[in-house]
Amino acid sequence: MEFTVEQIAQMLNGEIKGDKSLKVTQLSKIEEGKEGSVSFLANLKYEQFLYTTNSTAVIVDKTFEPKKDYSSTLILVENAYSAFTILLQEYQKIVADHKKGIEQPSFIAETSDIGEGIYLGAFSYIGEGCSIGKNVKIHQNVTISDHVSIGDCSVIYPGVKIYKNTFIGENCVIHANAVIGSDGFGFAPQADGSYKTIPQLGNVVIEDNVSIGANTTIDCATMGSTTIRKGVKIDNLVQIAHNVEIGQNTVIAAQSGISGSTKIGENCMIAGQVGIVGHITVPNKTIITAQSGVSKSFKKEGMILGGSPASENKEYLRSQVYIKQLNKLDERLSTLENKFQE
Amino acid sequence: MEFTVEQIAQMLNGEIKGDKSLKVTQLSKIEEGKEGSVSFLANLKYEQFLYTTNSTAVIVDKTFEPKKDYSSTLILVENAYSAFTILLQEYQKIVADHKKGIEQPSFIAETSDIGEGIYLGAFSYIGEGCSIGKNVKIHQNVTISDHVSIGDCSVIYPGVKIYKNTFIGENCVIHANAVIGSDGFGFAPQADGSYKTIPQLGNVVIEDNVSIGANTTIDCATMGSTTIRKGVKIDNLVQIAHNVEIGQNTVIAAQSGISGSTKIGENCMIAGQVGIVGHITVPNKTIITAQSGVSKSFKKEGMILGGSPASENKEYLRSQVYIKQLNKLDERLSTLENKFQE
Amino acid sequence: MEFTVEQIAQMLNGEIKGDKSLKVTQLSKIEEGKEGSVSFLANLKYEQFLYTTNSTAVIVDKTFEPKKDYSSTLILVENAYSAFTILLQEYQKIVADHKKGIEQPSFIAETSDIGEGIYLGAFSYIGEGCSIGKNVKIHQNVTISDHVSIGDCSVIYPGVKIYKNTFIGENCVIHANAVIGSDGFGFAPQADGSYKTIPQLGNVVIEDNVSIGANTTIDCATMGSTTIRKGVKIDNLVQIAHNVEIGQNTVIAAQSGISGSTKIGENCMIAGQVGIVGHITVPNKTIITAQSGVSKSFKKEGMILGGSPASENKEYLRSQVYIKQLNKLDERLSTLENKFQE
């Protein structure tokens, strides 16, 4: 890309302080800015960098007043962070993958319907009876098994594996090597100590606007569906077991795992490396802190949970403070014991 | 599928209460039952659903006595859960993947032996000197490197990567994007702070009837073999390091990790997100609760371990109770201190 | 391979005690040694095996003095462990994959440069504008997206997926199904509770001599680069988030996760299942014990951290001791309370 500072300012409805004819060619963090960079300053924690950055232009809040000399041209806007996000999105449109068409070799079963405007990368496979919507991008080395449905404008990155009967909505993004619809982990113990596989006959349903991270696994239901509601965002290396339901707009960070038949509410935030046992309910708007282990259902919405086993986070943090002072507790007790002996 | 209730009852050696001519077309949980569903009721916790379900037929224990009106036809059997499992298995046979033959494009080195009745999906690769048994199913985008052996009737799902010299027994199932035989994590520290790779020359041996989950990784041994004994069931995203041995019929849930050279006994149950350090021994029939960290060998069979570092689970739970009461302990101590001051 | 004991001894500059004409054909652990094996004894914990092993030859330290009878031929060297490592490396050269050339079908965009002596496995894909160095080995079912650079002699195992604009140095090894350059997990909350994707426009830079484990994920930066410095060794199923920097020669064990924008120093050792929050700094030479959760920056180099939230490991271990004695603390307190009542 190449724009003048003036063009950027127009795009953002901003006011210029400095040379409006300068050219910018890339977006950079203010602390990594170079000649040709446009950066932003929103959090005043980073103000110092304004006075040292080599960025050609810096987007700042209208209300911001510099305290020292600076060499960049400023673009004053209502909200610097939002304005910069707009730039990011515009930039992304320019650099986005505009690939279309069907690369060879690839495999499409005759009984499958393929929408207009799709991209299918080489070495990708679409099984029998699939329905692939318009403008879907399926990158390379993807396997889509039989009777899978993918809604318009979804993007499937390289190496994703989708088991049969999976339903994926519109505008979903599934990152590389994620696995959707693998068998639930169900085995019936036998008298001789061995296990018999319980057939997993259900599927996975992913609603619209869902994002799924790289190498994440979502198991199919034993019967019925494992369900990911619209707007859910799941990070890398997350495990979602059979018959789980994730409520809409819930966010799950990397390496967390949710066991079978558990139901997570809407608008929850689950941090990284959290574990949640099976057959429980997590209410709407619950926040679960990193590495927690949730071992039972909670009923109140909007709680913050922490620890393993998880309790209200305040309680957990209070326990942590007491634990750190156990040596003092021990000393106080010894002092009393000694006094009592006297 | 479409069966009459009578046909289902005959299959299960059951007795009918209600209309035996009704038709059923799918298996459903009792709480999700629809017209045309056959469901089961085994755990009385779910009894309420019998009185509200829309399932056409419900399989119940012979001894069960309904307490309210219900609208489904009942099928009375010795054990409702077992009977339903039989139905699941019959249903699976009907819907199972009956693919056979070799899809193109695929790659089979001339020096490899391929058994009768196999299915090889498109974009899959079989290297030099491999031996693939009868009726093996290898789905799409699988890589099988040189000198790999796979026993009869095993199923390899899409995207699985198997390194050279791996041995896999009969009736194994390996789910999508699992990696078998990657290098053990071995590096020798050098004087300058860098590391030199220790060559990993061993392999992985997987015995019969083993199931391995999606995106799970099993490293090869430095020398000798990483060994997964018969009947072991491993869930998704599990890490098995070099030279580990897992005893027969042991079950390992998602996101657990076992470090190098550790030996896990037979018939153990390892819950999710457990970590086990290297070079230790876990005895037969050990149960390890979720998120535990096992840091040393145990000797007694059949223990339940919990916590990190893990101890006998009773001890761990007792500590947890005390931790929750630390504020009270502190108050009691303060009370005594005050009394003593008086 | 087949060598005489004499040839092995010459290779290692060692002295022979026993029959120098015997033939050895494989490397084995001393406890698993067979006729034809050459083994080593470095750690005296394993001395007992010398007196029972069937290994034809055993490499020992010059200074070692046997206390019982043994049947193997000994090879005396300065340092038995180092000598054996040399043997491992020689052996690896013999058994290494000497594949070269471009297998078909594979896909190379016309605008990409491919170095001399490369191996490209079947079903692998190289996008537009890539630069692949000399003697690079790219195994099967690999996807290399547009504008990726890979340095000389690097090895990319089957199923690896590399997103666009990734830079990989020389002599790197990336194990099967790892994902490099997937989108950072960045979403801006909207007023209606939904999330808008923040475009991730940066890349991943991996310097020379880096090793990355199977099914590990490294996200691209929002802007700028996620950076893995030279000599870093990363195990399986590790998550590295956007804009993270890992200092040179740092080692990270399996299933650990590092959140966005965190900076890890040089020569650190991070054990398995560790979690590190975002936007913090871990100093050089820090050791982090397994399952720890690092929640804040530390300043001193060379600390050992443990626990979740992590503190200096000594402190953590002390707390663990106190926790185990909480029942006694409680009893002591009750005793005092009773005495006071009297």
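The values are calculated or read from the model by the stated rules, or taken from the named source; none is laboratory data. This one's a predicted model, so the numbers in the text were calculated from it and none came from an experiment. Don't worry about glycine lacking a Cβ; one is built from the backbone with ideal geometry, like all the others, and counts go over all protein chains shown.
Of note:
- Residue count, the stretch C:147-162 (criterion: under 18 Å from C:T226 (Cα atoms) and more than 14 Å from chain B (Cβ to nearest Cβ)): 6
- Only residues that are within 14 Å of B:H139 (Cβ to Cβ) and surrounded by fewer than 23 Cβ atoms within 10 Å (Cβ to Cβ) were counted across the stretch A:146-168, and they come to 2.
- Number of positions in the stretch B:251-272 that are more than 10 Å from chain A (Cβ to nearest Cβ) and in a strand (DSSP E or B): 5
- Members of the stretch A:182-200 that are part of a strand (DSSP E or B) and small (G, A, S): A:S182, A:A188
- For the stretch A:59-94, the set of residues classified as free of Cβ contacts under 8 Å to residues at least 40 places away in the same chain and within 14 Å of chain C (Cβ to nearest Cβ) consists of A:N79, A:S82, A:T85, A:Q89, A:Q92, A:K93, listed by residue number.
- Count of the stretch B:206-229 residues which are away from chain A (no Cβ under 14 Å) and either of a type in the set (D, E) or over 18 Å from the mean Cα position of the chain (by Cα) (or both): 8
- Test: residue in the stretch C:150-162 that is in contact with a Leu (Cβ under 8 Å, 6 or more places away or on another chain) and in a loop (DSSP other than H, G, I, E, B): no
- Set side by side, the residues A:S297, A:S256, A:S261, A:S319 differ, and just one is in the same structural domain as A:V232 (by TED's automatic domain parsing), without any contact (Cβ under 8 Å) to a residue 40 or more places away in the chain, over 17 Å from the mean Cα position of the chain (by Cα) and surrounded by 17 or more Cβ atoms within 10 Å (Cβ to Cβ), which is A:S261.
- Which listed residue is in a loop (DSSP other than H, G, I, E, B) and within 14 Å of chain B (Cβ to nearest Cβ), from C:N165, C:N171, C:N135: C:N171
- Residue satisfying condition, being of a type in the set (D, E) and out of contact with any Gly (no Cβ under 7 Å at 6 or more places or on another chain), within set B:E245, B:E266: B:E245
- For the stretch A:33-80, filtered to residues that are surrounded by fewer than 16 Cβ atoms within 10 Å (Cβ to Cβ) and under 19 Å from A:E2 (Cα atoms), the residue that is nearest to the chain's Cα centre (by Cα) is A:K34.
- In the stretch C:100-118, the residues that are closer than 19 Å to C:G129 by Cβ and assigned by TED's automatic domain parsing to the domain that holds C:D146 form Cβ pairs under 9 Å with partners that are among the basic types (K, R) and crowded, with 17+ Cβ neighbours inside 10 Å, at six or more places apart or across chains, as follows: C:I118/C:K137.
- Scan the stretch A:177-205 for residues that are more than 30 Å from C:H175 (Cα to Cα), more than 7 Å from every other protein chain (Cβ to nearest Cβ) and not polar (S, T, N, Q) and the total you get is 6.
- Within the stretch B:275-320, if we keep just the residues that are part of a strand (DSSP E or B) and within 12 Å of chain C (Cβ to nearest Cβ), the residue that is farthest from A:Q291 (Cα to Cα) turns out to be B:E312.
- Some residue of the stretch B:222-235 being in contact with a His (Cβ under 8 Å, 6 or more places away or on another chain), assigned to a loop (DSSP other than H, G, I, E, B) and in contact (Cβ under 8 Å) with a residue 60 or more places away in the chain: no
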